[in-house]
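Below: one structure, written as structure tokens.
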Amino acid sequence: MPSTPAALGQKIAELCCPAYAADAKTGFHDTGSFFVFTGDSASIRETIARASAVCSSPPVVTTDLEYGAGRMVRDATQFPSLFAAGRAGPRLAEEMGRVAAIEGRATGFHWTLAPGVDLMLDILNPTTSYRSAGRTTDEVIAIGLAYLRGLQAGGMLTTAKTFPGDGACRYDQHLTTAVNPLGMREWRETYGHIYATMIAAGVDSIMPGHISLPAYDTPDAANGQHPPATLSPRLMKDLLRGELGFDGLIVSDAVNMGGFCGFINYYDACARFLEAGGDVLLFASPTQAFLGEMLKRIDAGQLTEATLDDRLARFRRFKARAFAGDGAGVDKPRPYDASRGKGADEPRPYDEIRADDASCRGAPCARPPQLRGASALATADEIIAAGVQLLRDRKHWLPIVRPETKRILHVRLAVAHTGLHPVVDKFESALNDVFASVECIADPGPDRLRGIVENGDHDAVLVSVLNDYGYGVNHIHLAGPVARNMMGGWMHLGKPVVFISHAHPYLHSEYMAVMDCVVRTCGTVEATIPRLIDVIARTGAPIVADE
């Protein structure tokens, strides 16, 4: 006998994973899972407690621990990027994953939407860049597997994303359906090989992206365009479940992204995702309006109760691993390996954080461990050091000798959405401690900048480019009006000009002749600053060829 509308609504709601701000006080829903955005650990734990209290059973709590926990938990250990971990190697990538899992669990998370296993085939792809481990299949597998192992060792449920693979075009799936343009032979040798490896390693869930794979799929009958994986039974059922043999949870990328709800009607898309093979709707909020629209899709035959029951069964199996443990879930982390170097000053060592802590049950942790413990910080420092690289120094300007006698012009060129201003403020303060004088200017425009460089009494010019990732901004490189600063020829007037790319690792590839000296950080965090100062003004660094 069919369920009542209320019962159907409860089933749909359980498959929703809404997103909450870290300081949210209201607006929570009774769901099987939810996502929490960036904040400090105390605020996040309080929000998890408030949101969990609304749920009829303990929810699975998730976030993006893509390269450590510090990107989402502000007082956790700050790592520069997954790309920096790729420069550091698998051992440190695994340790970063373990730290991410333990600090994430301590904050109240059970599940991370990581590792990202996209290839950076197009260095100007707006969503991959330093969120990718690298540009080759071998790199991505080595680092992705290592990070996965670390997450598993720390007791975190995992997600490989974004199937069938981002990074091969320049479309932003936040705005439109991205395209993976590879033929199937090349796809199987690259992205297909990556996903097969992650599945064999026991990844708990896979996130299809709003990315089409025309070589495998057929165009949508209504609009003639190839659908994203999130709307494609060919990609989710035939390729992911059938050919690759994945039987774990399929969680959508965010359903408010243009590549999904810009392809067809939002509610039709949510129903179609479930019917096409998906299990959990990321960022879907089961409001009365949403549930009403979904019930209309059931009445119209676009979504069946049998599908809901099947998806619920898989989600509940996944959820059981978060709360009961079967040797691979969050209640059964492998013991901490003391040989890796536990910090003596940590009041609660990592191996003492067990699954019976309240923090691992979605409640505020009464006795939270210290985040940023000594061993975690040491791991971060090694990865930071690997990511700070001198890529080009044609005129042998670095290191700047006798810095205490040198007058420096520091130019800040920032994309509009950057979040790097606070850390670059600290970098400027550090420069003042090293050089005789530092004049700081931001976005001066090419004419003014040329005049300052040509007529000023500076001994050298440092140019900080703040070009970090931002969702839906449609670029990763120096773009918009600030890019006009690259006009005017001021970088070739005889004075040393050192460009510092604080995020996007391939800025230098776009400016082959313009930039004679380039340093990249692969993601600047506060602990990057001493390493950067060393390269510029103290020890220097060997040149790393990576055009």
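FYI, it's all coordinate maths here, none of it is from the lab. Keep in mind that what you see is a predicted model, and the values were worked out from it rather than measured. Here the Cβ positions follow ideal geometry from the backbone for every residue, glycine too, while neighbour counts run over all protein chains shown.
Of note:
- Rounded to 5, percent antiparallel among DSSP beta bridges of region 388-537: 15
- Positive-end residue, region 10-155 charge dipole about Cα centroid, Cβ charges, pick of M120, A76, T31: A76
- Take every DSSP beta bridge whose two residues both sit in the chain; close to 10 percent of them are antiparallel.
- Greater than 19 Å apart at Cα, pairs in K11/K319; K237/K319; K161/K237; K406/K495: K237/K319
- Sequence-separation-based contact order of region 379-456, relative, with Cα cut under 8 Å and 6+ spacing, percent: 36
- Dividing the convex hull volume of the alpha-carbon atoms in region 7-332 by its residue count gives 114 Å³ per residue.
- Cα gyration tensor shape for region 1-99, rounded if a/c is under 1.5, else prolate or oblate: prolate
- Subtracting the Cα-Cα distance of R407 and K395 from 0.36 nm times their residue separation leaves 2.4 nm of extension gain.
- Computed extension length for A483-D30: 158.4 nm, one decimal, from 0.36 nm per residue of separation with the Cα-Cα distance subtracted.
- Using the empirical formula 2.2 N^0.38 Å as the baseline, the Cα radius of gyration of region 7-58 reaches a ratio of 1.12.
- Of M1, S43, L507, farthest towards positive along the dipole that unit charges on Lys, Arg, Asp, Glu beta carbons give the chain: S43
- Annotation: peptides 20-29, 242-251, ranked by per-residue average of other Cβ atoms within 10 Å with the highest first, follow the order 242-251, 20-29.
- Calculated P(r) tail over 17 Å for region 150-243, as whole % of Cα pairs: 49
- Exposure proxy order (Cβ contacts within 10 Å, fewest to most) of L82, L431: L431, L82
- Cross-link partners of K296 among aspartates and glutamates (Cα-Cα below 15 Å; sequence separation of 8 or more within a chain): D268, E275, E305
- Label-zone membership for region 204-243, site R188, 7 angstrom Cα→C-beta point, backbone N under 18 Å: 213-218, 234-243
- Here the contact order of region 81-180, divided by its residue count and restricted to Cα pairs under 8 Å and six or more residues apart, works out to 38 percent.
- Normalised contact order of the chain, rounded percent, pairs of Cα under 8 Å and 6 or more residues apart: 16
- Seen through its C-alpha gyration tensor, with square-root eigenvalues sorted a ≥ b ≥ c, region 473-547 comes out oblate because a/c lies at 1.5 or above while a/b is not bigger than b/c.
- Computed extension length for R448-A21: 149.6 nm, one decimal, from 0.36 nm per residue of separation with the Cα-Cα distance subtracted.
- Look at the dipole of the chain built from charges on Cβ: of I199, H477, S464, the Cα furthest out on the positive end belongs to I199.
- For the pair H492 and M1, label points projected 7 Å from Cα toward Cβ lie 8.3 nm apart.
- FRET efficiency estimate (nearest 0.05) - Cβ-Cβ, D457 to V434, R0 22 angstrom: 0.75
- For the chain, a crude dipole built from +1 on the beta carbon of Lys and Arg and -1 on the beta carbon of Asp and Glu, taken about the Cα centre, is about 340 debye to the nearest 20.
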